[in-house]
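Working notes, beginning with the structure itself.
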Amino acid sequence: MSLAIRIKWKEFLVILLIYGIWSIAVFLFLIQLQGFDKTVDQFEGGINLYVSFTHTILKGTAVFYVLIYHFAIPAIMDRRWGKVSVQVIVFFTVLTIYEYYWTFFVHRSDRESAGNLSLDSFFITTTILNIASTVISYFVAVAICSNVIRRSKEQLEREKLKAELAAIKYQINPHFLFNSLSLIYTKTYKSNPEASQAVHLLSEIMSYALEDWGEQGIVPLALEAEQIKKVIQMNQIRFNNNIKISYSEDIQLKDAKIPTLTLVTLVENAFKHGELHDAKNQVSIEIMARNSKINFLVSNKKRNGPKELSKGIGVNNVQQRLNLMYGSTHTFTIKEDENYYITEIVINI
């Protein structure tokens with residue numbers, strides 16, 4: 001059973017429990033008010049008592065479940081009052097027809113055995129109960145939504161605290177890191193220019209990664225592309241300029257922006273897991289921004305043998321950030337088989 005089904009089933013059982021207790025309490029109150037025999041007689045006694053009571057509880061539970069979780073909560077959260085109002089009217093129309101059929105043709109098959117209950121009385125009573133059910137469901141939904149919002153705020157506060165603690169660490173670590181990189185760069189500048197260049201590139205990439213890019217953390221696409229080139233340079237130095245890479249760039253939209261490190265992360269992923277020395281299957285990186293659209297593609301042949309360790313959080317992080325920032329105006333596609341791995345991002349600006 002999927003998580004979504006389990007959650008809905010739990011919600012239904014909670015309403016069933018509450019409505020069942022309420023129905024039993026009302027039944028006991030009627031017995032106290034008018035006596036046992038008269039109350040049982042209203043349900044015609046015998047097997048009809050159990051059938052009617054069970055039907056009342058199950059029907060009431062289903063009605064309140066639909067009203068609360070399918071109508072009231074969506075209306076409150078999404079402000080779709082017009083659409084939901086129409087749905088509620090249709091729902092109660094169908095429910096009233098069902099109640100009429102149950103009351104006059106199923107539960108009491110003999111029309112005259114319905115006692116003093118007339119059609120006018122039936123429709124007036126049903127309308128009052130429908131309105132009362134709607135009002136109750138609305139207030140229950142408000143309470144549920146308030147609780148969800150409260151828990152979301154608490155979760156955000158916890159995440160904020162974690163971020164603040166991480167920020168404190170970053171305030172300490174980068175200072176030490178950049179001083180160390182500066183020292184290494186100075187010591188190797190003359191004796192090993194290539195290593196010195198690698199340290200310099202690493203320092204610039206780290207500075208870019210730790211820079212405060214505002215609340216949304218977006219940067220010009222051209223700046224992100226510059227970091228990709230630095231990553232490529234570093235890996236060329238690392239592998240003695242022997243890696244096979246195809247890089248193409250066509251950025252015509254000067255105001256195009258991207259969440260920082262989004263593309264860099266996917267490029268680094270290709271270097272971690274890709275075959276870097278096969279001239280026929282080069283690591284391919286393509287960036288294009290024109291006609292109000294950003295296209296990014298990185299593909300690589302999978303490397304045989306030992307691979308670098310990875311926790312797999314980089315790609316998930318990229319996907320979450322793109323979803324938060326662009327929603328349905330973007331696509332993030334991963335194509336993978338036994339030999340190749342391709343990631344593609346398309347953003348409509």
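The values are calculated or read from the model by the stated rules, or taken from the named source; none is laboratory data. These figures come from a predicted structure and were not determined experimentally. Because the Cβ atoms are built from the backbone with ideal geometry, glycine has one as well, and the counts that use them run over all protein chains shown. SASA here: full protein model, heavy atoms, side chains in, ligands and nucleic acids out. Shrake-Rupley method; radii C 1.70, N 1.55, O 1.52, S 1.80 Å.
The calculated 222 nm mean residue ellipticity attributable to helices in the chain amounts to -22000 deg cm²/dmol, summing -39500 (n - 2.57) over DSSP H runs of n ≥ 4 and dividing by all residues. Using a 1.4 Å probe on the protein chains only, how many percent of the accessible area of the chain belongs to carbon and sulfur? That share works out to 60 percent.
In this structure, residue 304 and residue 6 have a Cβ-Cβ separation that, at R0 = 41 Å, corresponds to a calculated FRET efficiency of about 0.45.
For the chain, relative contact order (Cα pairs under 8 Å, six or more residues apart, normalised by length) works out to 9 percent. Using a cut-off of 25 Å between Cα atoms, the listed pairs 229/302; 8/160; 190/280; 254/280 include 8/160; 190/280; 254/280 as exceeding that distance. Extending 7 Å from the Cα toward the beta-carbon at both residue 249 and residue 119 defines two label points whose distance is 7.9 nm. For a straight C-alpha distance cut-off of 18 angstrom, the aspartates and glutamates reachable from residue 59 (same-chain residues fewer than eight places away being disregarded) are 11, 99. Among the lysines, select those whose C-alpha is under 17 Å from the C-alpha of residue 230, and discard any that sit fewer than 8 residues away in the same chain. Straight-line reach from residue 230, under 17 Å: 244, 272. Gain on full extension, evaluated as 0.36 nm per residue between residue 38 and residue 102 minus their Cα-Cα distance, stands at 20.9 nm. Against the chain, whose longest principal axis comes from its Cα atoms, helix 3-34 is set at around 20 degrees. Ranked from largest to smallest solvent-accessible area, with a 1.4 Å probe on the protein heavy atoms, 244, 187 come out as 187, 244. Quick one: angle between helix 313-326 and the longest Cα principal axis of the chain, in degrees between 0 and 90, rounded to 10, please. Approximately 70 degrees, to the nearest ten.
Nearest 10 degrees, 0 to 90: what angle lies between the long axis of helix 262-273 and the longest principal axis of the chain (Cα atoms)? Here the helix axis deviates by roughly 70 degrees.
Size check on the chain: the Cα extents along the three principal axes, sorted descending, read 106, 43, 42 Å.
Per residue, the solvent-accessible area of the chain (1.4 Å probe, heavy atoms of protein chains only, all protein chains present) comes to 64 Å².
Pairs of Cα atoms nearer than 8 Å and 6+ residues apart set the relative contact order; for region 200-314 it is 26 percent.
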